[in-house]
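The values are calculated or read from the model by the stated rules, or taken from the named source; none is laboratory data. Note that the coordinates shown come from a computational prediction; the quantities given were computed from them, not determined experimentally. No Cβ is skipped: glycine too gets one built from the backbone with ideal geometry, and neighbour counts run over all protein chains shown. Calculation scope for accessible area: heavy atoms of the full protein, side chains included, ligands and nucleic acids excluded. Shrake-Rupley method; radii C 1.70, N 1.55, O 1.52, S 1.80 Å.
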Amino acid sequence: MQWENFDSLKEEALEQARFLIENHGRFSQPFRNRFDHTLRVLKWAERIHAIEGGDIEVIALAVIFHDTGWSDTLDHALIGAELVEKYLLGKAVDPGLVDRIASAVRTHNKRNAPHESLPIENLIVMDADFLDEVGVTTLVWDAMATAIESNPGYGRVIEKDLKYYQRAQEKTVYLKTETGKQLYNQRMAAWEMCLSHLRYELGLSNAFEP
């Protein structure tokens, strides 16, 4: 099987991924849906692919399965690679294509892997996963996480979010593609602006600066 029926295969794969994610038992915040994360990563991957190229079918199926596996003791990327191999071979997808898709799942969380040794599809999946929930989304996440803790308040949101913002500033090195780096820097700039405005509105600064 090649890609004559890719749209149908993609929809079926999404449903399979939803089932696996909802049943693998990985902890998540009550306001965070891991399958929604997968859909957002897919959108980021499409944005990067539009500039960087690569095989979008390989990229899409790797993204769909990248978080389907989970274990408290094993690398979830390796489990996800096994799951996608089993699923696609059962759909009579060409084994060579399956190998490429499984490879992109297997490496999606290997941030320190040298990018020169990996295909563009792998790099795009890595960057797309890294881009999700960076930026304004992080500020919203920290606000929701603080709200369900004891003694929530604006000050605690700022304290929590500044910590993650400062950490995120150091992580640009993990992006593998030029487009991924540009998108990450854009997210950081938007995040910085929101933090700056929030601090100003709360009377914690006299200028729009982090």
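Considering (1) more than 18 Å from the chain's Cα centre (by Cα); (2) in contact (Cβ under 8 Å) with a residue 60 or more places away in the chain, the lone condition that ASP7 does not fulfil carries the number (2). Is it the case, given these coordinates, that ALA77 is free of Cβ contacts under 8 Å to residues at least 60 places away in the same chain and out of contact with any Cys (no Cβ under 7 Å at 6 or more places or on another chain)? Criteria met by ALA77. On the given criteria, is VAL84 part of a helix (DSSP H, G or I) and either at pLDDT below 95 or under 27 Å from GLU170 (Cα atoms) (or both)? Taking the combined requirement at face value, the residue does not satisfy it. Note on the stretch 99-132: residues that are buried (at least 21 other Cβ atoms within 10 Å of the Cβ) and over 16 Å from the mean Cα position of the chain (by Cα) amount to 2. Of all the listed residues (PHE35, PHE19, PHE31), the sole one being modelled with pLDDT under 95 and among the hydrophobic types (A, V, I, L, M, F, W, C) is PHE31.
Residues that are touching a helix residue (DSSP H, G or I) at 6+ places or on another chain (Cβ under 6 Å), of a type in the set (A, V, I, L, M, F, W, C), touching a residue at least 24 places away in the same chain (Cβ under 8 Å) and buried (at least 17 other Cβ atoms within 10 Å of the Cβ) within the stretch 133-156 comprise VAL134, LEU139, listed in sequence order.
Remark: pairs (first residue in the stretch 45-67, within 13 Å of GLY180 (Cα to Cα) and at pLDDT 95 or above; second residue open to solvent by 50 Å² or more (accessible area, probe 1.4 Å) and assigned to a loop (DSSP other than H, G, I, E, B); Cβ separation under 9 Å; 6+ apart in sequence or on different chains) are absent. Taking first residues from the stretch 168-180 that are in contact (Cβ under 8 Å) with a residue 60 or more places away in the chain and partners that are not aliphatic (A, V, I, L, M) and not in a helix (DSSP H, G or I), the Cβ contacts under 9 Å between residues at least 6 apart in sequence or on separate chains come to TYR174/ARG111; TYR174/ASN112; LYS176/ARG111.
Scanning the stretch 68-96 for residues that are open to solvent by less than 10 Å² (accessible area, probe 1.4 Å) and within 18 Å of the chain's Cα centre (by Cα) yields THR68, GLY69, ALA77, GLY80, ALA81, VAL84. The number of residues in the stretch 12-60 being outside any helix (DSSP H, G or I), open to solvent by less than 60 Å² (accessible area, probe 1.4 Å) and of a type in the set (Gly, Ala, Ser) comes to 3.
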